[in-house]
1. Could you tell me the center-to-center distance, by alpha carbons, between region 63-112 and region 120-144 in angstrom?
2. First measure r as the distance between the Cβ atoms of Thr12 and Thr33, then evaluate 1/(1 + (r/R0)^6) with R0 = 41 Å and state the FRET efficiency to the nearest 0.05.
3. Separation between the Arg134 and Val45 pseudo-spin-labels, each 7 Å from Cα along Cα→Cβ, expressed in nm?
4. When only alpha-carbon atoms are used, what values of Rg and Dmax, in angstrom, describe region 60-148?
5. Taking the Cβ of Gly128 as the center, what net charge do the other residues with Cβ under 15 Å away carry, scoring Lys and Arg +1 and Asp and Glu -1?
Amino acid sequence: MAEPGGTPSPPTPRSPFNPVPRPVAPGGGRGRTILFGCLVLLVVVGAGLIGLLYYAGKNYDRLVRWSLSQVHGNVVQRLPPDLTIEERERLNRAFAAAERGAAGAATDPVKMQRLQTRMLELAQAAGGAKQLTRAQVAEISRLLETIGGAADASPPATPAPKT
């Protein structure tokens, strides 16, 4: 409609409360894109986990040595001040023996399982943030010697009585 004087009126703006719906693109919109992205992410994460397991299997001795070095650093920081030089030397020899023993365990599944069990026991014995006692240091040394093969993990078998 034209106003008096011949100028046309401005167009009426669209209402923000009743917008015109956008046309939907053929093919499903964003759902397929999101699904495809999630599937690609799942494949990449799965391949990464398989690669990690492969690496852990090939470098088992290296991972155990790294773990032992972490435990060694933690134990040395928490040694009691009244620990004798002989006990410190025994602990250091036990850590060295454990590292040597871990290298041979990667090829034998039975040794590997025994090593994992001893490592869990070692982690429990060395865990915590408090200062260690002399008894705990002796137990850690015994476990490390067991890992290294310097001591037998099982108690000695008593012979059967002869009759």
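1. The distance from the Cα centre of region 63-112 to that of region 120-144 comes to 11 Å.
2. Numbers: r = 37 Å, r/R0 = 0.90.
It comes out at approximately 0.65.
3. 5.2 nm
4. 12.6, 40
5. Details: positive: Arg78, Lys130; negative: Glu121, Glu139.
Computed value for this residue: 0.
Just so you know, all these numbers are worked out from the coordinates, no wet-lab data involved. Predicted model only: the values in this text are computed from it and were never measured. So basically every Cβ, Gly included, is an ideal-geometry build from the backbone, and we count neighbours across all protein chains shown.
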